[in-house]
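The structure appears right after this line, and notes come after that.
The numbers here are math on the coordinates, done by the rules we state, and not lab data. Quick caveat, the model's predicted, so the values are computed rather than measured. FYI the Cβ positions are ideal-geometry reconstructions off the backbone, even for glycines, and counts take in every protein chain you see.
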């Protein structure tokens, strides 16, 4: 588990992790996360990145990867937390 100063992030991380673990259909997973109010974006995947990895974006936002690499191009969908 990732430790963070804000308890809101740990709650979001736990909620997102629940959907990643229990919803296998990627389209449904993304749709449910959108319905919960999370913003979905694309993340550039580096070698070794996997689902539920947290990265920091250019604007200081946290990005949680919620799908594996989508195609041969190195991108995956992520939830953006500001």
The stretch 20-44, residues that are part of a helix (DSSP H, G or I) and within 13 Å of residue 78 (Cβ to Cβ): 20, 26, 29, 30, 33, 34
Looking at the stretch 3-33, which of its residues are loosely packed, with under 15 Cβ neighbours inside 10 Å and closer than 15 Å to residue 82 by Cα? 4, 5, 6, 7, 8, 10, 11
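Report, by residue number, each residue of the stretch 45-60 that is in contact with a strand residue (DSSP E or B) (Cβ under 6 Å, 6 or more places away or on another chain) and closer than 15 Å to residue 80 by Cβ.
Taking the stretch 45-60 as the starting set, the residues that turn out to be in contact with a strand residue (DSSP E or B) (Cβ under 6 Å, 6 or more places away or on another chain) are 45, 51, 53-55, 57.
53, 54, 55, 57 - these are the residues of the stretch 45-60 that are in contact with a strand residue (DSSP E or B) (Cβ under 6 Å, 6 or more places away or on another chain) and closer than 15 Å to residue 80 by Cβ.
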Long-range neighbours under 6 Å by Cβ, at least six apart or interchain, first residue at positive phi within the stretch 25-42, second in a helix (DSSP H, G or I): none
Scanning the stretch 46-81 residue by residue, those more than 8 Å from the chain's Cα centre (by Cα) and in contact (Cβ under 8 Å) with a residue 24 or more places away in the chain turn out to be 46, 49, 62, 69, 74, 75, 76, 81
May I ask you to say which residue of 50, 72 is part of a loop (DSSP other than H, G, I, E, B), exposed (fewer than 10 other Cβ atoms within 10 Å of the Cβ) and at negative phi? 72
